[in-house]
Amino acid sequence: MRTPVPIGSKPGTMKLRLVYFDDLTTLPVVHDLDKVVKSANARRMTLPEVRKTVAADECDIALLPAPEALRLPSVSVIPCSAVSLLGPSRLFMIFSKVVPTEISRVLVDQEDYGTTLLAQTLFARKMMIRPEFVRSSHPLDPQTYDLSGKDGFDAYLLSGKHAMVVRKEVFTFTWDLTMAWYEYAKLPYVLHCWVARKSANLLRLDKEIGDVARRNEGSSDVASRSADRAGVSSSGMRTIYERAIRTTFDGNTVTSLRRFSQELQQARIVAFPQMTVYTESSVRRPVGI
């Protein structure tokens, strides 16, 4: 890997390059990060931009969806804060028009967090089926996309606020993926984690990132900001943080990462179908909200 190039640092000062994205699931570990982290030049990006920056080897530290990070041989998970989900969260949901054994095609929300890998693994390991997963080129907003229409898909994988507003009773089968992982592995599902280039000297950065999570724990400001993004009440968002979202990096988190990595490898003994992109325009007829 190339030697890091300082971004905006003073002459003679070499700082690590840190990239991250923020949304309702990452805010507990990145809110006010710039004010706390002093050992790195931190840059906020969109998740696709973070992915491109990591792929181009243009950063030293990055926040990534854990399923994606586990597939990168050139980075190491660093011992600081991770975002994990324990039990039902309604943040990552499968909504199906048919019973599970009849699911053959799943349309994935454009704003997927790597949970397609979780869904594929759980379908293969728990349901003994391997449906085709197709990524939508448009956000699957249930207020504008007809989830009951005849679009050739049996089920939908929705993330974040799109998953939270759909009425489950409209569908034949619904599956909360984080709850499904807990029922299967009896471990929290690690959603996001910090990774570092294997040659990077973290200095005090791991402690500083941990300090950000501790500072934000139970913060009403973080809950309010997340609620605004999700379109739910602050009290509702605080409940989700209290019941489901964890920002620790403890033994359970490490064990869950190792377990998921093992399950992913074993589930892929038979290759998953290649993921394609669905580009048809959204149908403007809301359903199930």
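General observations
- Here the Karplus relation 6.51 cos²θ - 1.76 cosθ + 1.60, evaluated at θ = phi - 60°, turns the backbone of the range 103-120 into coupling constants of 6, 10, 9, 10, 8, 9, 4, 4, 8, 7, 10, x, 6, 4, 5, 5, 4, 4 Hz, with x for every Gly and Pro.
- Calculated [θ] (222 nm, deg cm²/dmol) that DSSP helices of n ≥ 4 give over the chain, each run adding -39,500 (n - 2.57): -9000 deg cm²/dmol
- Derived from the Cα gyration tensor, the three semi-axes of the equivalent ellipsoid of the range 9-112 are 33, 16, 12 Å, largest first.
- Candidates ASP60, ASP228, ASP141, ranked by Gaussian network fluctuation over the chain, Cα under 10 Å, top entry: ASP228
- The H on the amide N of PHE133, modeled in the peptide plane, is under 5 Å from the matching H of VAL106, each at least 5 residues off or on a different chain.
- Separation in nanometres of the label points that stand 7 Å from Cα toward Cβ, at GLN143 and GLU49: 2.5 nm
- The fraction of Cα-Cα pairs per 10 angstrom bin, counted from 0 for the chain, comes to 6, 28, 34, 23, 8, 1, 0 percent, rounded to whole percents.
- GLU102 paired with ASP151, simple spin-label distance in nm, labels 7 Å along Cα-to-beta-carbon: 2.0 nm
- Fewest-first ranking of ILE129, ILE209, ILE94, using other Cβ atoms within 10 Å as the exposure measure: ILE129, ILE94, ILE209
- Which of GLU58, GLU169, GLU208 has the fewest Cβ neighbours within 10 Å, and the rest in rising order: GLU169, GLU58, GLU208
- Packing rank of 142-151, 26-35, 106-115, where each peptide gets the mean count of other beta carbons within 10 Å, highest leading: 106-115, 26-35, 142-151
- Sequence of VAL165, VAL190, VAL75 once ranked by neighbouring C-beta atoms within 10 Å, starting from the fewest: VAL165, VAL75, VAL190
None of the figures in this text is laboratory data; all of them are computed from the coordinates on show. In this text, all values refer to a predicted model and were calculated from it rather than measured experimentally. Note that we place each Cβ from the backbone using ideal geometry, even for glycine, and neighbour counts take in every protein chain shown.
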